1. Just wondering, is there one or more residues in region 120-135 that are among the polar types (S, T, N, Q) and over 20 Å from Trp176 (Cα atoms)?
2. Would a scan of region 111-128 turn up a residue that is of a type in the set (S, T, N, Q), modelled with pLDDT of 90 or more and within 24 Å of Arg160 (Cβ to Cβ)?
3. Is one or more of the residues making up region 35-57 modelled with pLDDT under 95, surrounded by fewer than 14 Cβ atoms within 10 Å (Cβ to Cβ) and in contact with a helix residue (DSSP H, G or I) (Cβ under 7 Å, 6 or more places away or on another chain)?
Amino acid sequence: MARALVHNSALVWAELHHLCCAMLLFAAASVYNCRMDSSSPPSALQRVMALDVGSRRIGVAVSDPLGITAQGLETIQRQNKRLDFAALGQLLTQYGVREIVVGLPLRLSGAEGTQSEKMRLFADELRKHFGVTVHLWDERWTSTEANRLLRETDLSIKKRGQAVDRMAAILILQSWMESRNVR
């Protein structure tokens, strides 16, 4: 029994170590991300939400009120714009969100492509519909890193698939918040 506890404790510490390493990787991305649309600092005691938007799902994360940590929320299964925005609106109200960070999918070269343009349009729609500040943030490595982190857990392939969008949103938000605290 004691051996099992030591083994489980070592796994927990290994996972924490991997998560910290991932955060350092995303902090390095802030060099590029400083050029993204992020002109105003988050207001005190107001939450920020991050979205990892895909064609089928929207990964969602929200900050704590002090803007220090990111917590994943339930992934939104996309249906249509009206229902997607209704689900986002409920979360904005429930968590008192005043700013949104949308992952901007760039090519490895840093150039924008078709998906980037779609996210710019989506961000504009969010601004107009909800009247909140929306930032775009480089998300090139978030899904890859989320998959890597989740592969190292004991989750089944099915559960990992369900968690990857949420984890990517957490990584986007954590990276964005860390870049704000560095300045």
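The values are calculated or read from the model by the stated rules, or taken from the named source; none is laboratory data. These figures come from a predicted structure and were not determined experimentally. Here Cβ is always computed from backbone atoms with ideal geometry, including for glycine, and neighbour counts include all displayed protein chains.
1. There is no residue in region 120-135 that is among the polar types (S, T, N, Q) and over 20 Å from Trp176 (Cα atoms).
2. Taking every residue of region 111-128 in turn, at least one turns out to be of a type in the set (S, T, N, Q), modelled with pLDDT of 90 or more and within 24 Å of Arg160 (Cβ to Cβ).
3. Yes.
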